[in-house]
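Contents: one structure, followed by commentary.
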Amino acid sequence: MSCGTLYLFCGKMGAGKTTQSRLLATEHCAALISEDEWLSRLFPEQIHNFDDYRSYAARLKPLIFDHVKNLLETGTNVVLDFPANTKRQRAWFSELAQAAQANSQLVYIQASDDICLNQIAQRRVEQPERAKFDTEAVFQQVTSFFEEPEDGEGFVIQIIEQDWHSSKN
């Protein structure tokens with residue numbers, strides 16, 4: 001039996017990773033697993049700042065690893081709407097794909113800070129519950145950790161360039 005493919009996303013906060021993950025999941029008949037969804041349901045009202053997010057996200061990883069590995073081993077394609085924005089995060093995804101003997105594809109969404117901040121402002125209006133985290137200050141903090149993917153990391157990389165036109169669609 002062949003394994004499924006693991007799809008993951010890299011891009012600054014507000015670049016459009018969640019939107020693209022939904023489209024890709026539909027396109028590839030894949031299971032979509034969203035970190036934001038799992039965190040908000042498992043730890044409601046417990047994440048108040050970026051350090052809380054990092055702590056609770058780390059608690060999710062062992063469960064997600066085993067769950068996604070099992071899905072991939074059954075031949076299910078999996079789209080992970082989790083950040084793969086640092087070399088360390090991407091190494092974890094690579095380990096997951098290798099453990100499942102699955103193919104993986106990294107979708108890198110390139111977007112300027114202005115586009116990201118514009119989309120974050122729009123998201124605050126559409127999803128008021130995210131307003132306390134969807135701020136320019138949080139964007140700057142999160143972006144300070146961002147590392148562009150490199151060819152040597154072992155992923156097939158698809159690059160999507162966001163521009164003002166595509167960010168408004």
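The values are calculated or read from the model by the stated rules, or taken from the named source; none is laboratory data. Worth saying up front: this structure is predicted, and the values here are computed from it rather than measured. Note that each Cβ is placed from the backbone with ideal geometry, even for glycine, and that neighbours are counted across all protein chains shown.
Side notes on the structure shown:
- Filter pass, residue 83 being modelled with pLDDT under 95 and surrounded by 20 or more Cβ atoms within 10 Å (Cβ to Cβ): yes
- Considering the stretch 122-150, the residues that are among the aliphatic types (A, V, I, L, M) and touching a residue at least 12 places away in the same chain (Cβ under 8 Å) include one that is surrounded by the fewest Cβ atoms within 10 Å (Cβ to Cβ), namely 138.
- Identity of the residue in the stretch 19-30, in a helix (DSSP H, G or I) and of a type outside the set (Val, Ile, Thr), that ends up surrounded by the most Cβ atoms within 10 Å (Cβ to Cβ): 21
- Filter result for residue 78 (touching a Gly at 6+ places or on another chain (Cβ under 8 Å), among the β-branched types (Val, Ile, Thr) and closer than 15 Å to residue 104 by Cα): yes
- Of the strands (runs of 3 or more DSSP E) lying entirely inside the stretch 61-169, those carrying at least 1 residues that are over 19 Å from residue 22 (Cβ atoms) and touching a helix residue (DSSP H, G or I) at 6+ places or on another chain (Cβ under 8 Å) are 103-110, 156-161.
- Top-ranked residue of the stretch 119-169 - restricted to ones that are modelled with pLDDT of 90 or more and aromatic (Phe, Trp, Tyr), ranked as nearest to residue 85 (Cα to Cα): 146
- Exactly one residue out of 4, 16, 11 is touching a Lys or Arg at 6+ places or on another chain (Cβ under 8 Å) and either surrounded by 14 or more Cβ atoms within 10 Å (Cβ to Cβ) or more than 20 Å from residue 133 (Cα to Cα) (or both), and it is 11.
- Residues that are of a type outside the set (S, T, N, Q) and free of Cβ contacts under 8 Å to residues at least 12 places away in the same chain, drawn from the stretch 96-120: 114
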